[in-house]
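Undergrad: Encoded as structure tokens, here's the structure I'll be asking about.
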Amino acid sequence: MADREVKIHVENLKKSFGKLEVLKDISMDIEEGEVVVLLGPSGSGKSTFLRCLNQLEKATGGTILVDGQCVTDHKTDINKLRENIGMVFQHFNLFPHKTVLENIMLAPVELKKMTKAEAREKGMQLLKRVGMADKAEVYPSQISGGQKQRVAIARALAMNPDVMLFDEPTSALDPEMVGEVLMVMKELAAEGMTMVVVTHEIGFAREVADRVVFMDAGYIVEQGTPEEVFNHPKEPRTIDFLNKVL
Amino acid sequence: MIGIIQSYGTMLLEGMGRTLLQTFLSLLFAMVIGLIFALMNVGRNRVFNLIGTFYVDAVRGVPLIVLAYFIYFGIPTAIQTIGFSDFRLSSIQAGAIALSMNCGAYMAEIIRAGIESVDKGQMEASRSLGLSYGKSMRLVILPQAIRTMIPSIINQFIITLKDTSILSVIGFTELTNVGKTIMGNTFKSLETWAIIGIMYMVVIVTLSKLAKRLERRLSRGR
């Protein structure tokens, strides 16, 4: 694992909303194929950090490089960069006026990555992969939360990204639907996708993460393998947090 | 009453025709004006925000009758004094401009509210896929916004149709103006205005019923 290439390089990242400083000083490298799980109490800045990676939130300071390209630079074509960074949201954000398949086809066709026929084929292939092929022609309002999230993952994958960001992908789901979404994510990880995941699913983190990063109050408090962080946490704040959630 | 209909029937229908034509034309221009200023207002550009707010406030702050006078009498005079001595606006042209501007301001607010009613996550999801702001607006936000906008647009349509009567003051021969002429000729005010009133009502009720049906069909396709 040591000689893998650095995919995302973050240096002294800062983010404030007005007077509120959410990210104080974050630096980390994420390697290609690595699965990083961000953990921490709410308000610790983990979602904001994730959203800075594809500039849904503009960083206030610091640098983010993705594939050596500076995300925070004005001159970088952010739309082009986002094509390679898929994102999955807590509330799915599927487009309600489009069918499941159309949701997936929209970006590849509009951004001229594929013809309509190619996008359709790719879309069906992805739907099969997430177990949703039979719902291709249905509107999002007609499927369950877990199904919506699996479609949302397929939609993000349609652009062939090499990084996937997950922002609490199971937090809005009924408990019995969490498993099906985590399953898809596990498969994705096994295939070597670089993933950054904000989640409260400790089980998933233990099983799938290469690295667990514990954040609190805008800083990275502690990080390491799941074994290190969960079984031998060093920082009192990590211990305190784990005591509450485990 | 029968007598009025017999002698002025064609004139009344022509007046109604011009009222409808003016309404549809103005509504069409108003949609374009409204969309432009709504987009200025929802964007993050401060200068555009200012222009958008100014337009809406200015036009909504002036009665339509004053706006019509200003455009029909004021603007041509101003243009004549700077050298284009034979510049004129017909009452149809001036009326269309005044009504489009007026309706456009209200339309801008309707469209802005429609856009803002769409969940913020929709724009984020679209942008995260690499689609530009413009494409996201056109493909993701506006198609959803239009559904919430339809009832207000129908309402505005009816208001605009009725507002065409105000244009009679600049001599545009729409339905109300025809009424004035008939009144002048026959002195039968009760009958004349009853006929005019009923004509407006029939057209408006019919159109709003049609619009309701369209609205229902659109929301079913969800």
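Undergrad: Once the piece of chain linking residue A:21 and residue A:113 is laid out straight, how much longer is it, given 0.36 nm per residue of separation minus the C-alpha distance between them?
TA: Stretched fully, the residue A:21-residue A:113 segment lengthens by 29.3 nm.
Undergrad: Here is a follow-up. Once the other residues with Cβ under 12 Å from the Cβ of residue B:141 are scored (Lys, Arg +1; Asp, Glu -1), what is the net sum?
TA: So the surrounding residues net to +3.
Undergrad: Measure off 7 Å from each Cα along the Cα-to-Cβ vector at residue A:121 and residue A:186, then give the distance between these two points in nanometres to one decimal.
TA: My value for the distance between the label points is 3.2 nm.
Undergrad: So what's Rg/Rh here for the stretch B:128-179, counting alpha carbon atoms and using the Kirkwood radius for Rh?
TA: Rg/Rh for the stretch B:128-179 comes to 1.36.
Undergrad: Using just the C-alpha positions of the protein assembly as shown as equal point scatterers, what log10 of I(q)/I(0) does the Debye formula give at each q in 0.07, 0.10 1/Å?
TA: Calculated log10 I(q)/I(0) at the listed q: -0.53, -0.83.
Undergrad: So how do B:21-30, A:131-140 stack up, highest first, on mean other-Cβ count within 10 Å?
TA: With the highest mean Cβ count within 10 Å placed first, the list reads B:21-30, A:131-140.
Undergrad: Please rank A:77, A:162, fewest neighbouring Cβ atoms within 10 Å first, as an exposure proxy.
TA: Lowest count first: A:77, A:162.
Undergrad: Now for a separate question. Using Cα pairs closer than 8 Å and at least 6 residues apart in sequence, work out the relative contact order for chain A, in percent.
TA: Rounded, it is 26 percent for chain A.
Undergrad: Simple spin-label model, 7 Å along Cα-to-Cβ: residue B:10 to residue B:188 in nm?
TA: 1.9
Undergrad: Shifting gears a bit: For the stretch B:2-221, calculate the relative contact order in percent as a whole number, restricting contacts to Cα pairs under 8 Å that are 6 or more residues apart.
TA: Relative CO of the stretch B:2-221 lands at 29 percent.
Undergrad: With springs only between Cα atoms under 10 Å, which of B:175, B:131, B:167 fluctuates most in a Gaussian network model of chain B?
TA: Of the options given, B:131 has the highest mean-square fluctuation.
Undergrad: Listed highest first by mean packing, meaning other Cβ atoms within 10 Å per residue, what order do B:76-85, B:192-201 come in?
TA: B:192-201, B:76-85
Undergrad: A follow-up question, please. Over the Cα atoms of the stretch B:2-221, Rg to Rh with Kirkwood Rh, two decimal places?
TA: My calculation puts Rg/Rh at 1.06.
Undergrad: Ok, one more. At q = 0.13, 0.24 Å⁻¹, what is the base-10 log of I(q)/I(0) for the stretch A:1-82 according to the Debye formula with one equal point scatterer per Cα and no solvent? Please give it to two decimals.
TA: Once normalised to I(0) and log-transformed, intensities are -0.40, -1.24.
Undergrad: Taking only DSSP H segments of four or more residues, each worth -39500 (n - 2.57), what value at 222 nm results for chain A once the sum is divided by all its residues, to the nearest 500 deg cm²/dmol?
TA: -10500 deg cm²/dmol
Undergrad: Taking the Cα atoms of the stretch A:102-246, report the difference between the largest and smallest coordinate on each principal axis, in whole Å and largest first.
TA: In descending order, the Cα extents are 55, 30, 26 Å.
Undergrad: Further question: Between residue A:176 and residue B:46, take the C-beta separation as r, use R0 = 60 Å, and let me know the FRET efficiency to the nearest 0.05.
TA: After rounding to 0.05, the efficiency reads 0.80.
Undergrad: Considering every residue in A:87-97, what mean count of other chain Cβ atoms within 10 Å of its Cβ is obtained?
TA: 5
Undergrad: Which whole number of Å³ per residue matches the convex hull of the alpha-carbon atoms in the stretch B:124-222?
TA: In the stretch B:124-222, the Cα hull volume divided by residue count equals 112 Å³.
Undergrad: A follow-up question, please. Taking a ≥ b ≥ c as the square roots of the eigenvalues of the Cα gyration tensor of the stretch B:1-114, is the shape rounded (a/c under 1.5), prolate (a/b larger than b/c) or oblate?
TA: In terms of gyration-tensor shape, oblate.
Undergrad: Hey, another quick one. State to the nearest 20 debye the size of the charge dipole of the stretch B:1-98 about its Cα centre, where the only charges are +1 on K and R beta carbons and -1 on D and E beta carbons.
TA: With only Lys, Arg, Asp and Glu charged at Cβ, the dipole is about 280 debye.
Undergrad: Among A:245, B:39, B:165, whose Cα sits farthest toward the positive end of the charge dipole of the protein assembly as shown (+1 at Cβ of Lys/Arg, -1 at Cβ of Asp/Glu, about the Cα centre)?
TA: Projecting each Cα onto the dipole axis, the largest value belongs to B:165.
Undergrad: Using only alpha-carbon positions, what ratio does the radius of gyration of chain A give when scaled by 2.2 N^0.38 Å?
TA: After normalising by residue count via 2.2 N^0.38 Å, the value is 1.01.
Undergrad: Please report, ordered by residue number, every helix of chain B (full DSSP H runs) that is 30 Å or longer along its axis going by C-alpha atoms and whose mean Kyte-Doolittle hydropathy reaches 0.5.
TA: Helices meeting the criterion: B:2-42, B:91-117, B:189-220.
Undergrad: Of A:39, A:111, A:188, which has the largest mean-square fluctuation in a 10 Å C-alpha GNM of chain A?
TA: Comparing A:39, A:111, A:188 in the GNM, the peak value goes to A:111.
Undergrad: What length, rounded to one decimal in nm, is gained on full extension from residue B:32 through to residue B:77, with 0.36 nm per residue of separation minus their alpha-carbon distance?
TA: Residue separation times 0.36 nm, minus the Cα-Cα distance, leaves 13.5 nm.
Undergrad: Now for a different question. Ignoring everything except DSSP H segments at least 4 long, calculate the 222 nm mean residue ellipticity for chain B; use -39,500 (n - 2.57) per segment, divide by total residues, nearest 500.
TA: Computed ellipticity for chain B at 222 nm equals -26500 deg cm²/dmol.
Undergrad: What dipole magnitude, in Debye to the nearest 20, does chain A give about its Cα centre under +1 on Lys/Arg Cβ and -1 on Asp/Glu Cβ?
TA: 860
Undergrad: Do you know the relative contact order of the stretch A:90-153, to the nearest whole percent, from alpha carbon pairs under 8 angstrom that are 6+ apart?
TA: Computed value for the stretch A:90-153: 45 percent relative contact order.
Every number here is computed from the coordinates shown, using simple stated rules; none is lab data. Here the structure is a predicted model, which is why all the values come from computation and not from measurement. Positions of Cβ are generated from backbone atoms using ideal geometry, with glycine treated the same way; all protein chains shown enter the neighbour counts.
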